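Rule-based calculations on the coordinates, nothing more; no lab input. Treat the numbers as computed from the prediction; the structure is a model and nothing was measured. We place every Cβ from the backbone using ideal geometry, glycine too, and count neighbours over all the protein chains shown.
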Amino acid sequence: MYRSTELTPSELNAFQSMRPRLSGLAYRVLGSLSDAEDAVQDTFLKWADTDRSTIENPSGWLVTVCTRRCLDMRRSGDRARMDYVGAWLPEPVQISVDSDAEKDVELTSSLSMAFLMMLERLTPKERAAFLLHDVFELSHAAVAETLDTSEASSRKLVSRARGNVGRSVVRHNASPDRQMAFLSAFKTAVTNGQIDELSRMLAADARLSADGGGKVPAILEAIEGAIPLCSFVSSKLRRYWADHEWVLVNLNGMHGALIKFEETTTAALSFAFDHNGKVQDIYIVRNPDKLTHLDAVHIN
């Protein structure tokens, strides 16, 4: 068996140049930053342990290896998630958008919590095919090779995924001003119990979900409906977060907040808007395992 960890500078550069793309793909497939980092590291180890002279297309090879590793991890994770306590939410990440170009905005939108939650409707292969083709713009031939299937199967996988997710969702996002207005209304409801502005900005069937993972207190089932949601925010959340600090950040491409107590992040708060500019979903991540990277890591 070929074994070598002695990468040439060009071989190391080939991997490093692909690392952001691999990380972004792995995070979207897995919904977990820590798992994505493991998948990318496993890809690097396989790259170092392979006879690179036999690889005609290094970037294609790396995408294929990383995708297949993610699919294996995803299937295992789906089984383990059956025992997860309460709602499961993707691990939030801090990102930055370096330009207003449509391509950058669209790629960032595919990191939103709402989009990642919609991807949860798909099978692992549908998820991978959709991301590779519609988000990372690989051809059906390349997707088929990556997933070890036919082009016809690739087209079917992407078509089924689009039926469940919809390409328009990738492009949709509320304006930054609208996002900040809702964040302000939410904070006002928590800090002083005033819910007028919050209730005006919520969809009638708005939902609040919290992910504690069984490790910290959190609601186990989503609160549905604007009226009970407002009541929960202005009463129980007000009591829980009365002495906490709010730090405004960019979470998964949108404005959000980190809730801190004595300099420790205890929650990450983000939202999803519907096509009318109303807030449809509120996401509160409390699981401490999903908060450890928030002050340092950026995903493209």
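Some observations on this one:
- Radius 13 Å from Cβ of residue 207, net charge of other residues (Lys, Arg +1; Asp, Glu -1): -4
- Between 0 and 90°, nearest 10: helix 176-192 axis offset from the chain longest Cα axis: 50
- Here's how it looks for residue 281: its modeled amide H is under 5 Å from those of 207, 272, which are all 5 or more places away or on a different chain.
- Across 194, 280, 179, mean-square fluctuation computed from a Gaussian network of the chain (C-alpha pairs under 10 Å connected) peaks at 194.
- Order of 279, 247 under a 10 Å beta carbon neighbour criterion, fewest first: 247, 279
- When you restrict to C-alpha pairs under 8 Å that are six or more residues apart and normalise by the size of the chain, the relative contact order lands at 21 percent.
- Ignoring the sites themselves, the chain has its longest run without trypsin sites (Lys or Arg not before Pro) in a DSSP loop having at most 14 other Cβ atoms within 10 Å at 4-120.
- Counted charge near residue 262, where neighbours are those whose Cβ lies closer than 13 Å (Asp, Glu -1; Lys, Arg +1): -2
- Entry for mean projected area of the Cα convex hull in nm² (calculated from the structure that is shown) out of (i) 18.1; (ii) 19.4; (iii) 16.8: (iii)
- Compared with the dominant principal axis of the Cα atoms in the chain, helix 9-30 is inclined by about 40°.
- Per-residue ellipticity at 222 nm computed for the chain from its helices equals -14500 deg cm²/dmol, with DSSP H segments shorter than 4 residues left out and the rest contributing -39,500 (n - 2.57).
- Cα-projected label distance for residue 148 with residue 275, points at 7 Å along beta-carbon direction, nm: 4.0
- Principal-axis tilt of helix 151-165 within the chain, Cα atoms, nearest 10 degrees: 10
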